[in-house]
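Peer 1: If you scroll down you'll find the structure; I have some questions about it.
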Amino acid sequence: MTEETTLVDFISYVGAISLILLGIFAMVTFRHLIRIIFGLMLLEAGVNLFLITIGYRGGAVAPILVNGELPTAAMVDPIPQALVLTAIVIGVGVQALALALVIKTYKAYGTLDTQILAQKIAEETGTKLIDGIPTPISDTGTGLEESLSTKP
Amino acid sequence: MNFREISGLIFIVGLGLLLFALLKILFVEQLVTGGIGANILATAPEEVGTANIVTSVLLAYRGLDTLGELTILFVAATAAGLVLGQRSSDAKHDPDAGFILHSAADVLFPFLILLGAYIILHGHLTPGGGFQGGAILAAAFFIPILASPASPLNHRVSSAIEGFAGAAFILIGLFGLFGKGDFLAPLFGTGEVGNLFSAGSLPLLYLAVGLKVGAELAGLLAHLHETEAND
């Protein structure tokens, strides 16, 4: 493996891993649903870049025959490319479904903040905010105050 | 900085260390060269007869996976349509886009159809294929909706195209099953590599994939757009 190839591989791998980490960080940290979906998109992009880089070889050309003849140079691995081709389409489908659910959530609750959403759902269903377990009926009060007060 | 951010940061740093430790393994070259990829590169042109070897992986060697992937896309599109629901017939539309966008949409439409059809039909020869061409076809049908929101997409037609294309894909696969003993086995021989009429039944499969992806994406985009206008 030449010096140049190693450098390209290294930059690509580091970029892919950074994208994956950034996506997961966004999904874990942010509370806004749209931003969580953006994190998912970053994660998908990172995984796709990672797969493409695995199939990459220095100085190799795309796996396509010109005039029905094998090219003289080496060709890159076609399997990761086919994988990524399908992964992109699946990613689009998943994102569209997620956005549709977000639209429905906004219509139902009027907010996309996950913390406010959790409070509203706990209020609506009479469950505790933390674990979603219904409060016992023998409790005095509606159970709402208790669930809100046990919030960290 | 609250508890949630700190714990998230610690988690990410730990995961990052783990993933960067993998880098050392990834640089061992035996991991990628040789093996299945090299085998396919050597035998695919004679066995399947496509000039674009990615196509032969996608439709001949792993055709069943492509069928599964089409199923995922179908389920996602159906679920999105189900979640968003039908718009009421008296709901207000977005305002019309005006003369310039109307004309641009009219001019773009035939060229996008032509480009999409070209990319789908040459999927076994050049970079491209059913998925990419299907996305362009979907764009061709979605741009007029953006220009004049009052003329919505006919969902019945798009679902009919989607259903027929999916059925055609499975039918070609069944012909392969009964004719050659394997589901989705390529039919009609390989032909001469590099010709438009070559690679047996693969261009037909890619045509079905392209129509299905195009109809599904167009329906999905139109659904999202109609809901936006609903409120």
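The values are calculated or read from the model by the stated rules, or taken from the named source; none is laboratory data. What you see is a predicted model; the values in this text were computed from it and never measured. As a convention, Cβ positions derive from the backbone with ideal geometry for all residues, glycine included, and neighbour counts pool all protein chains shown.
Peer 1: Conditions first: (1) under 23 Å from residue B:56 (Cα atoms); (2) among the hydroxyl-bearing types (Ser, Thr, Tyr); (3) surrounded by 16 or more Cβ atoms within 10 Å (Cβ to Cβ). Residue A:72 passes all but one, so which condition is the exception?
Peer 2: Of everything listed in (1) under 23 Å from residue B:56 (Cα atoms); (2) among the hydroxyl-bearing types (Ser, Thr, Tyr); (3) surrounded by 16 or more Cβ atoms within 10 Å (Cβ to Cβ), residue A:72 misses just condition (3).
Peer 1: Can I ask one more? Within region B:42-67, take every residue that is at the interface with another protein chain (Cβ under 7 Å from one of its Cβ atoms), closer than 21 Å to residue A:57 by Cα and out of contact with any helix residue (DSSP H, G or I) (no Cβ under 6 Å at 6 or more places or on another chain) and give me the one that is modelled with the lowest pLDDT.
Peer 2: Selected residue: B:45.
Peer 1: Something else about it: Scan region A:65-74 and tell me whether some residue there is more than 8 Å from chain B (Cβ to nearest Cβ), assigned to a helix (DSSP H, G or I) and within 17 Å of residue B:36 (Cα to Cα).
Peer 2: no
Peer 1: Give the residues of region A:83-120 that are part of a helix (DSSP H, G or I) and β-branched (Val, Ile, Thr), sorted by residue number.
Peer 2: Hits for region A:83-120 are A:84, A:86, A:88, A:89, A:90, A:92, A:94, A:102, A:103, A:105, A:114, A:116.
Peer 1: Identify, by number, the condition in (1) among the aromatic types (Phe, Trp, Tyr); (2) more than 14 Å from chain A (Cβ to nearest Cβ); (3) within 19 Å of residue B:213 (Cβ to Cβ) that residue B:99 doesn't meet.
Peer 2: (3)
Peer 1: Something else about it: Being small (Gly, Ala, Ser) and more than 7 Å from chain B (Cβ to nearest Cβ) is the filter here, so list the residues in region A:75-96 that pass it.
Peer 2: A:87, A:91
Peer 1: Continuing with this model, one more query. Identify, from the list A:11, A:37, the residue that is farther than 21 Å from residue B:21 by Cβ, among the β-branched types (Val, Ile, Thr) and part of a helix (DSSP H, G or I).
Peer 2: When all the criteria are applied, what remains is A:37.
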